[in-house]
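The values are calculated or read from the model by the stated rules, or taken from the named source; none is laboratory data. Predicted model, so just to flag it, every value in this text is computed and none were measured. For neighbour counting, all protein chains shown are included, and Cβ atoms are generated from backbone atoms with ideal geometry for every residue, glycine included. What goes into the accessible areas is simple: the full protein's heavy atoms, side chains included, and nothing from ligands, DNA or RNA. Shrake-Rupley method; radii C 1.70, N 1.55, O 1.52, S 1.80 Å.
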Amino acid sequence: LCEVAASSSRPDNAALSTQYDLIVIGGGSGGVRAARLSSLYGARVALVEESRLGGTCVNRGCVPKKLFAFASRFDSLFEIAADYGWTVEASFDWPTLVANKDAEIARLEAAYESALLDAGVEVFRDHATLADRDTVGLRDAGTRLSAGRILIATGGHPVRPDIEGADLAITSDDAFGLAALPASILVVGGGYVAAEFASIFNGLGVKTSISYRRDRILRGFDNDLREGLSEAMRAAGIDILVNSQPRRLTRANEGIHVEFEHGPAATYGAVMFATGRAPNTRDLGLEAVGVVCNARAAVEVDEWSRSSVDSVFAVGDVTARSALTPVAIREGAAFAETEFNGVATAVDHRIIPTAIFSEPEVGSVGLSEEDAVMHHLEFEVYMARFRPMIATLSDRQERTMFKLIAQADSGRVLGVHVLGRDAAEIVQLAAIPVTMGATKADFDRTMAVHPTASEELVTLSKPAYRVVQGERV
Ligand SMILES: Cc1cc2nc3c(=O)[nH]c(=O)nc-3n(C[C@H](O)[C@H](O)[C@H](O)COP(=O)(O)OP(=O)(O)OC[C@H]3O[C@@H](n4cnc5c(N)ncnc54)[C@H](O)[C@@H]3O)c2cc1C
């Protein structure tokens, strides 16, 4: 069921204003792409955004997160710099980083707005609600817009665990605007947002701990990546508490006192919940018009992003298919192609490369070893673990890992997993041959670029092991 808020307002008596071909609710990654393309294909388009254009990715996600990740990595570079002959006197100023990040986001938001306006989209700054299957109400303006098609692209929001004192903690939304860095922080969660923020805080000098309720962080990723990242994060000074779950948070003199389900209590300067996100289906009037949501309160859609009501579509995080910006953008573009350009286009969600901008970085495309076992495949695993060249002049203990999984009979590369510097950049490129269905032989006949880390991908000569019926042989 879609979440229904008690305050859900349906502006039944509001004046009906303009007729559009498409109304997009939400000006984030998916909504902006769908609105712009549809308008360029000749549709009359309105887009309603209640907060800032650009949505989560630009304002509270990918972009500020990556800027913070850059900031957090200078310290380790300074460490190496000395062995390259440099003397660096370093100090860090958090307000400068936040102010510069805010200026960049303002620039991006303005760029999003002009891209929409240039494409002919009418932008409304308001909270939108479905009044019926072809009408949207604007809460603040008190008007209604109608259209042949309505696209829900409202994204998602962070969720907090239902424990006493949960309100004392911050979420990723708040982390981007902290007035000052705490001396210490407990990041609760084991997904990519938790890993990234733990690395960011740690790199910026905050004493950082992670509390995760399972036995290993990054569920769903290849186990070697999960192990490798855990080890590297611990070596960098992050305290990772596994099988750990906070039970109660209380305010303490110097921060927040955390009692855990198991293990001793501790006090931290701040606590951040990175415990997952939920789709924004609340207060949209979805149920009233018959839009069906699934068990995760996400809008249920078919391969054309059409909901159970044929005039209502949904793309991006609100559908919980894969909560990533490029996926939302593809879904928005495919919707526009299908509905306003006459080219039926469905998004292929099978191979989605992903990265974690932790320290070190993680990049991953295709099947993990565990996935391949689950699919009853027979495959070979190629591994390379080495010290990256940049660290060789210093005593910095840093490791890079490349893992390639190839199907035994066809040789098709099923997965590539990288841990180390530039892993995200490397995997973006590896995703092309993997998506094309390249074989290990294709990788082997590719000339290496030397000296690089990623030449390992084309020089992996012998499998570390073969997996037959789930067993390593
Ligand atoms: C901390 C963090 C880091 C991330 N890092 C990455 C990353 O590195 N790479 C990556 O690919 N993805 C990343 N993501 C995920 C990415 O941000 C989302 O997948 C993407 O933004 C989803 O786009 P969307 O269009 O579905 O929704 P959003 O971008 O969330 O946009 C939805 C918009 O709808 C508006 N809205 C909601 N309800 C209404 C309403 N009723 N009326 C009007 N407007 C409304 C909201 O204000 C919002 O602007 C990250 C997310 C987070 C939280």
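For the stretch 439-453, a residue qualifies if it is touching a residue at least 40 places away in the same chain (Cβ under 8 Å) and either farther than 22 Å from Thr392 by Cα or polar (S, T, N, Q) (or both), and exactly one does: Lys440.
Looking across the stretch 107-129 at every residue that is over 15 Å from Gly31 (Cβ atoms) and touching a Lys or Arg at 6+ places or on another chain (Cβ under 9 Å), the one that is surrounded by the most Cβ atoms within 10 Å (Cβ to Cβ) is identified as Thr129.
A count restricted to the stretch 337-354 and to residues that are open to solvent by less than 50 Å² (accessible area, probe 1.4 Å), touching a Lys or Arg at 6+ places or on another chain (Cβ under 8 Å) and within 30 Å of Ser368 (Cβ to Cβ) stands at 1.
Results for (1) on the phi < 0 side of the Ramachandran plot; (2) part of a loop (DSSP other than H, G, I, E, B), shown as yes or no for each residue.
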| position | (1), (2) |
| --- | --- |
| Asp167 | yes, no |
| Gly177 | yes, yes |
| Ile185 | yes, no |
| Phe197 | yes, no |
| Ile200 | yes, no |
| Gly205 | no, yes |
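Residues in the stretch 130-142 that are in contact with a Pro (Cβ under 8 Å, 6 or more places away or on another chain) and either open to solvent by less than 10 Å² (accessible area, probe 1.4 Å) or not in a loop (DSSP other than H, G, I, E, B) (or both): Ala131, Gly137, Leu138. Taking the options Val309, Val318, Val301, Val327, name whichever one is among the aliphatic types (A, V, I, L, M), in a loop (DSSP other than H, G, I, E, B) and within 16 Å of the ligand (Cβ to nearest atom). Result of the check over Val309, Val318, Val301, Val327: Val301.
Looking across the stretch 143-162, just one residue is open to solvent by less than 20 Å² (accessible area, probe 1.4 Å), of a type in the set (Val, Ile, Thr) and near the ligand (Cβ under 9 Å from one of its atoms), and that is Ile152.
Scanning the stretch 447-471 for residues that are under 21 Å from Val418 (Cβ atoms), open to solvent by 70 Å² or more (accessible area, probe 1.4 Å) and not polar (S, T, N, Q) gives Met447, Val449, His450, Pro451, Lys462. Inside the stretch 242-259, can you point out the residues that are surrounded by fewer than 18 Cβ atoms within 10 Å (Cβ to Cβ), closer than 20 Å to Ala183 by Cβ and not acidic (Asp, Glu)? If the condition is that a residue be surrounded by fewer than 18 Cβ atoms within 10 Å (Cβ to Cβ), closer than 20 Å to Ala183 by Cβ and not acidic (Asp, Glu), then Thr250, Arg251, Ala252, Asn253 are the ones that fit.
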